[in-house]
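The values are calculated or read from the model by the stated rules, or taken from the named source; none is laboratory data. Just so it is clear, the model here is predicted, and its values are computed rather than measured. Note that we place each Cβ from the backbone using ideal geometry, even for glycine, and neighbour counts take in every protein chain shown. The protein model used for the area step is the full one, side chains on, heavy atoms only, and it has no ligands, DNA or RNA in it. Shrake-Rupley method; radii C 1.70, N 1.55, O 1.52, S 1.80 Å.
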Amino acid sequence: MNTQEHIHALINVLSHSSKEDYTDILLNFNFQDINFSEIENWKIHSYTRNCFYKDENFELILICWDKGQKTAIHNHNGEECWVYLLEGELEEDFYELDDSGQLEYKSSQILRPNEITKSEGHDGFHRLRNSSKSRALSLHVYAKPIAQSLTFDDALGKLVDKNLRYDTFKSFVSVGL
Ligand SMILES: [Fe+2]
């Protein structure tokens with residue numbers, strides 16, 4: 001099978017499974033068979049979000065992180081998010097809102113290849129950062145797709161609704177999936 005067929009297989013199994021099984025599905029999927037260089041996209045000043053599938057139930061996004069690139073602190077608007085690390089290393093910082101609505105740092109963890117971090121709910125905030133000395137690649141499953149997230153704006157010093165964009169969108173779905 002080629003990359004497109006392997007991506008179809010991933011979409012197919014996610015489409016026909018309960019979200020409760022997504023973690024096991026991702027941990028057991030053979031990502032070695034997908035040539036992600038067809039989707040990769042690198043920028044000097046920011047990580048990139050590269051969508052390669054979206055329907056009403058979930059979206060699949062490849063995020064390309066160069067050294068030191070990081071997200072702002074954000075939540076997922078109540079949707080669930082799985083981050084599967086394909087390559088490199090990411091550090092994840094967890095935050096929660098305190099009683100006065102201020103973000104409070106809670107803990108951190110390191111994510112390594114073939115590991116997953118899962119986010120859900122409105123209350124959990126996090127930030128991801130490439131803390132290694134090389135590039136990192138991660139696959140993100142958002143179910144349902146997320147168009148906006150509550151994001152901490154450093155310049156304003158507060159949480160704002162931020163529209164999420166794709167740097168690239170390359171659909172691998174053909175008729176008859
Ligand atoms: Fe996130």
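Listed conditions (1) touching a residue at least 40 places away in the same chain (Cβ under 8 Å); (2) under 17 Å from I63 (Cβ atoms); (3) in a strand (DSSP E or B); (4) open to solvent by less than 50 Å² (accessible area, probe 1.4 Å) are all met by K118, apart from (4). With farther than 27 Å from N163 by Cβ and within 16 Å of the ligand (Cβ to nearest atom) as the only criterion, which of E96, E92, E59, E115 stands out? After ruling out the rest, the residue left standing is E115. Among residues of region 71-89 being among the charged types (D, E, K, R) and within 11 Å of the ligand (Cβ to nearest atom), the one that is surrounded by the most Cβ atoms within 10 Å (Cβ to Cβ) is E79.
Is there a residue being modelled with pLDDT under 95, farther than 14 Å from E79 by Cβ and surrounded by 13 or more Cβ atoms within 10 Å (Cβ to Cβ) anywhere in region 135-143? No, region 135-143 has no match at all. Restricting attention to region 90-115, the residues that are open to solvent by 50 Å² or more (accessible area, probe 1.4 Å) and touching a residue at least 40 places away in the same chain (Cβ under 8 Å) add up to 1. Selection of region 1-33 for residues being within 16 Å of W82 (Cβ to Cβ) and not in a helix (DSSP H, G or I) yields S17, S18, F29.
State which residue is farthest from the ligand (Cβ to nearest atom) when the search covers only region 121-146 and only residues that are more than 29 Å from I7 (Cβ to Cβ) and either of a type in the set (A, V, I, L, M) or not in a strand (DSSP E or B) (or both). The selected residue is K133. Of everything in region 58-82 that is farther than 16 Å from R135 by Cα and assigned to a strand (DSSP E or B), the residue that is farthest from the chain's Cα centre (by Cα) is H74.
Scanning region 46-79 for residues that are among the basic types (K, R) and either in contact with a His (Cβ under 9 Å, 6 or more places away or on another chain) or without any contact (Cβ under 8 Å) to a residue 40 or more places away in the chain (or both) yields a count of 1. Residues of region 1-26 that are open to solvent by 50 Å² or more (accessible area, probe 1.4 Å), in contact (Cβ under 8 Å) with a residue 60 or more places away in the chain and over 20 Å from P145 (Cβ atoms): Q4 alone. Of all residue pairs spaced 6 or more apart or on separate chains, those with beta-carbon atoms under 8 Å, a first member in region 140-158 that is without any contact (Cβ under 8 Å) to a residue 24 or more places away in the chain and a second member that is in a strand (DSSP E or B) and open to solvent by less than 60 Å² (accessible area, probe 1.4 Å) are K158/F152.
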